[in-house]
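Structure, as structure tokens:
Values quoted throughout were computed directly from the atomic coordinates according to the rules given, and no laboratory measurement underlies them. All figures in this text were calculated on a predicted structure; none of them were measured in a lab. With ideal geometry, Cβ positions are generated from the backbone for all residues, glycine too; neighbour counts draw on all protein chains shown.
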Amino acid sequence: MIKPNKLANNNFLSSLDLSTDEVFHILELANNFKNKKINIDLNNKVLGLIFDKSSTRTRVSFQVAMTRLGGTTIDLNPTTSQIKRGEPIKDTARVLSRYCDAIAIRTFDHSDLEEYAKWSTKPVINALTDLEHPCQALADFLTIQDEFHDFKDVILTFIGDGNNVANSLILCGALLGVEVRIASPKGYEPNSLVIKKAYEIYNNKDLLKITNDPIAAAKGANVLYTDVWSSMGEENHKEEKDKDFIGFTIDHNLVRNAEKDAIILHCLPAYRSKEITDEVFESKKNRIFDQAENRLHAQQALLSCLLN
Ligand code: CP
Ligand code: NVA
């Protein structure tokens, strides 16, 4: 097994905080956890959780992962701590570093996460920002690897908003050399800096395609992936986005363009009849709950690399 060096005692703010070897190492480790082939004891280490936005999967999978690793979590509810009263991030980060061995943060501005990381002396993990959701991407590629055994010739098509989830898929896909296609309505493409960085990583630039045509993007795809059209914090733009995203629903017609053995992924929570129809969501192609389970295994692997 390759020993991760970039990651030990470091931050995981972006998919790009990992090298290609480290992503493969985490996927291998995650599989070992999943198949109960290894046992790592973190010896009572403590992970602090700060969630400025709602969460089911990320919060619970971190809690269960730490429990299984012989550690524990502390949920620092921003509304009942001094965080919401405006205690500066730099003070909160320095205090929490004295109690916790790592901190996982879900917040809005990615720059706030970077501010935590700047002042924390312990590893900071991105549990989702407006820019990236790198823990999600690890679980996504674990699910794809479980299905297709390797990434050779796999085409991953994401249909929908060029959001945090899409950005992390692009970056992690670039590290793994996977063909990634993103189809979004005009004006909702992924972050341009993320696209630029991904093109710098890919050996073959043709492997990343950004388009406004969902049918073309779905043609020959092995994985069709979607996420909500309006992310947390975008509640005021919901009506406008619902109109702009007409034609970007993963429905039976769209699925027909993909490969016969194509699977459907969704990071959840899902809004049926918006980004995906109930028929497709409930179809045999659904690997969405394996994907949700894989959050646990991938994060257990990530935490072992950061904290062991
Ligand atoms: N996919 C995901 O991050 O889910 P939660 O918002 O429930 O954590
Ligand atoms: N893009 C979504 C992901 C939720 C897990 C959001 O940020 O709300």
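Annotations for the structure displayed:
- Evaluation of GLU279 against the conditions (1) closer than 26 Å to PHE151 by Cα; (2) touching a helix residue (DSSP H, G or I) at 6+ places or on another chain (Cβ under 7 Å); (3) of a type outside the set (A, V, I, L, M); (4) not in a loop (DSSP other than H, G, I, E, B) shows that the sole unmet condition is (1).
- Residues of the stretch 252-270 satisfying the condition of being surrounded by 15 or more Cβ atoms within 10 Å (Cβ to Cβ) and closer than 20 Å to PRO214 by Cβ: LEU254, VAL255, ASN257, ALA258, GLU259, ALA262, ILE263, ILE264, LEU265, HIS266, CYS267, ALA270
- Any chance THR92 is surrounded by fewer than 24 Cβ atoms within 10 Å (Cβ to Cβ), more than 16 Å from ligand 2 (Cβ to nearest atom) and part of a loop (DSSP other than H, G, I, E, B): no
- From the list LEU27, LEU42, the lone residue that is crowded, with 17+ Cβ neighbours inside 10 Å, over 15 Å from the mean Cα position of the chain (by Cα) and either more than 30 Å from SER81 (Cβ to Cβ) or in contact (Cβ under 8 Å) with a residue 40 or more places away in the chain (or both) is LEU42.
- Where a residue in the stretch 145-170 is farther than 18 Å from ARG295 by Cβ and free of Cβ contacts under 8 Å to residues at least 60 places away in the same chain and its partner, wherever it lies, is assigned to a loop (DSSP other than H, G, I, E, B) and among the polar types (S, T, N, Q), with Cβ under 6 Å and at least six apart: GLY162/SER184
- When residues of the stretch 123-165 are limited to those that are among the charged types (D, E, K, R) and within 11 Å of ligand 2 (Cβ to nearest atom), the one surrounded by the fewest Cβ atoms within 10 Å (Cβ to Cβ): ASP130
- The stretch 272-308: number of residues that are away from ligand 1 (no atom under 13 Å from the Cβ) and among the aromatic types (Phe, Trp, Tyr): 1
- Selection from the stretch 38-75 of residues that are part of a loop (DSSP other than H, G, I, E, B) and either among the β-branched types (Val, Ile, Thr) or within 16 Å of ligand 1 (Cβ to nearest atom) (or both): ILE38, ILE40, ASP52, LYS53, SER54, SER55, THR56
- Some residue of the stretch 254-266 being small (Gly, Ala, Ser), touching a strand residue (DSSP E or B) at 6+ places or on another chain (Cβ under 8 Å) and either over 20 Å from ILE144 (Cα atoms) or within 16 Å of ligand 2 (Cβ to nearest atom) (or both): no
- Close contacts from the stretch 259-271, counting a first residue that is within 10 Å of PHE281 (Cα to Cα) and a second that is within 11 Å of ligand 1 (Cβ to nearest atom) and not in a loop (DSSP other than H, G, I, E, B), with Cβ to Cβ under 6 Å and a gap of 6+ residues or different chains, come to LEU265/GLN291; HIS266/ILE288.
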